[in-house]
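One structure below.
What follows draws every value from the coordinates through simple rules; no lab data is involved. Please read all numbers here as calculations on a predicted model, not as lab measurements. Backbone-built Cβ (ideal geometry, glycine too); neighbour counts: all protein chains shown.
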């Protein structure tokens with residue numbers, strides 16, 4: 001790791017760590033929480049969609065699995081005495097979902113490109129349908145309730161903010177570790193020419209299944225924090241939401257696939273932009289059209305994403 | 001000299017076309033064997049069958065005394081059997097050094113090791129010096145000319161210290177200077193103990209470099225011997241010119 005890289009990362013994390021202490025209004029903190037959440041999600045998606053070149057559209061399924069796992073763990077309790085304690089479930093939810101991801105990846109990743117995209121989006125709708133219909137487990141469309149976090153009202157956002165910042169740092173460290181080890185090299189060969197990579201004896205299968213498992217494990221942990229932030233109840237259409245998948249993909253494409261900072265940049269630009277548009281254009285959902293136009297523009301003007309395009313100009 | 005590679009009664013059919021038909025041949029250890037034949041005679045399909053990229057419908061492939069029929073290309077590669085492709089296949093977004101390191105045949109338990117360790121880099125640089133690619137070491141492979149990409153692909157398969165290298169048209173689409181260099185590289189590696197099987201259309205290249213020469217037509221060998229014998233064989237003329 002270069003010293004400038006460490007410095008850049010340190011300044012980035014410190015700045016974000018100080019922000020909530022500056023007495024910002026609640027709506028700004030709420031927005032920042034969603035920015036951090038999507039930065040972590042986009043970084044997680046990048047492991048599969050960017051580094052490996054497998055365009056997963058099913059990540060929202062694992063977001064939902066994490067959210068429901070968390071809600072179910074708290075469902076039986078009437079009230080919480082310590083608001084921080086439920087966060088201790090995150091590692092277990094992450095590892096558990098990663099293990100669920102292993103057989104799914106082993107099967108789904110036998111397909112490639114557009115077929116893989118269809119297989120994974122099918123997975124998303126399977127999980128959403130299950131969330132709607134397994135009434136005994138998820139409460140169906142009525143939603144699943146659990147106790148509200150007992151944090152003081154004036155600093156209610158802080159715990160969620162810091163845990164999401166932690167998950168973002170974890171996702172970025174994992175990305176960095178991947179990029180600087182042989183697994184990153186193996187994933188890059190998969191992205192470039194998978195058949196040739198197999199022919200060179202590169203452990204293609206292990207590398208891509210591992211990347212998928214880590215990616216969905218991270219996604220599920222973010223989903224769990226999201227659920228906790230939903231003040232006591234989650235609904236299937238929001239916990240397993242295709243828009244979350246699409247946001248992850250858009251952010252990575254905007255910032256630059258396969259880069260460390262691209263997904264973070266994409267999330268900061270798109271999520272704050274979306275919140276602004278949603279505010280300006282009101283609840284009319286016109287902001288979704290603006291969103292689609294941004295995506296079209298990216299594909300036309302910067303098909304490789306912002307960071308790789310800038311790096312290309314500088315070479 | 002023993003046979004490093006032997007195929008017995010190999011057959012591969014695509015729909016109604018039998019690309020390789022009851023084909024038996026052998027490559028002796030320590031030779032530079034050529035495989036020539038008119039277009040569509042099954043040369044590349046035979047390469048695919050030998051290197052595991054396609055599964056034969058019938059027949060056996062024996063490499064270094066072991067039956068390896070139907071083994072995956074990755075396992076064969078690690079066992080010492082490597083190949084290049086007709087259209088040079090390198091990883092375009094990786095640097096030249098990374099292309100070499102990726103081809104070194106690391107197993108899954110090395111996935112956590114550094115992407116390019118100091119030892120990897122030293123090994124790669126030795127090969128780059130041999131192939132006169134040192135100045136391109138940290139360039140993205142996509143930026144290389146086609147001829148240099150072919151050199152890179154050739155250099156990369158040598159990272160795993162192969163016993164047998166199959167070259168599929170090493171001189172196709174490269175300039176005459178590079179053809180000469182390609183020839184030198186084969187010679188020097190051959191002197192270092194590597195056996196070659198080369199598919200090639202440039203017959204003067206084949207006649208200068210290879211012995212023996214095997215001629216394939218309609219999916220099976222029709223003639224085999226040293227270059228002058230093969231050149232004088234009327235069956236070969238028939239196959240090329242149509243009789």
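Remarks
- Length-normalised contact order for the stretch A:1-149 - Cα pairs under 8 Å, 6+ apart - percent: 32 percent
- Part-to-part distance (alpha-carbon centres) for the stretch A:267-315 and the stretch B:97-159, which is given in Å: 37 Å
- Folded to 0 to 90 degrees: helix B:146-157 orientation relative to chain B principal axis, Cα: 90 degrees
- Residue order for A:269, A:127, fewest other beta carbons within 10 angstrom first, comes to A:269, A:127.
- Helical content alone sets the calculated 222 nm signal of chain A at -24000 deg cm²/dmol, taking -39,500 (n - 2.57) per DSSP H segment of four or more residues and averaging over every residue.
- Relative contact order of chain A, taken over Cα pairs closer than 8 Å and 6 or more residues apart, is 33 percent.
- P(r) for the stretch B:91-161, from all Cα pairs and a bin width of 5 Å, is 3, 18, 32, 26, 13, 6, 1 %, short bins first.
- Distance from the stretch B:171-201 to the stretch A:1-51 (C-alpha centre basis), Å: 53 Å
- For the stretch A:70-153, the convex hull drawn through the C-alpha positions has a volume of 135 cubic angstrom per residue.
- For chain B: rounded, prolate or oblate by the Cα gyration tensor [a/c cutoff 1.5]: prolate
- Note on chain B: helix-only mean residue ellipticity at 222 nm, from DSSP H runs of 4+ residues weighted -39500 (n - 2.57) and normalised by residue number, equals -9500 deg cm²/dmol.
- The rule of thumb for compact globular proteins, 2.2 N^0.38 Å, goes into the C-alpha radius of gyration of the protein assembly as shown 1.18 times.
- In terms of surrounding Cβ atoms within a 10 Å radius of their Cβ, B:5, A:297 rank from fewest to most as A:297, B:5.
- Structural descriptor for chain B: relative contact order 27 percent, calculated from alpha carbon pairs under 8 angstrom and at least 6 residues apart.
- Relative to the dominant Cα principal axis of chain B, helix B:176-191 is inclined by about 90°.
- For B:77, A:229, A:276, the sequence from fewest to most other C-beta atoms within 10 Å is A:276, A:229, B:77.
- Gyration tensor (alpha-carbon) shape descriptor, the stretch B:112-243, a/c threshold 1.5: prolate
- The distance separating the Cα centre of the stretch A:165-243 from that of the stretch A:92-107 comes to 11 Å.
- Taken over chain A, the ratio of Cα radius of gyration to 2.2 N^0.38 Å equals 0.98.
- The stretch B:25-107: C-alpha gyration tensor shape, a/c 1.5 cut-off, then a/b vs b/c: prolate
- The stretch between residue B:187 and residue B:112, if pulled fully straight at 0.36 nm per residue, gains 23.3 nm over its current Cα-Cα span.
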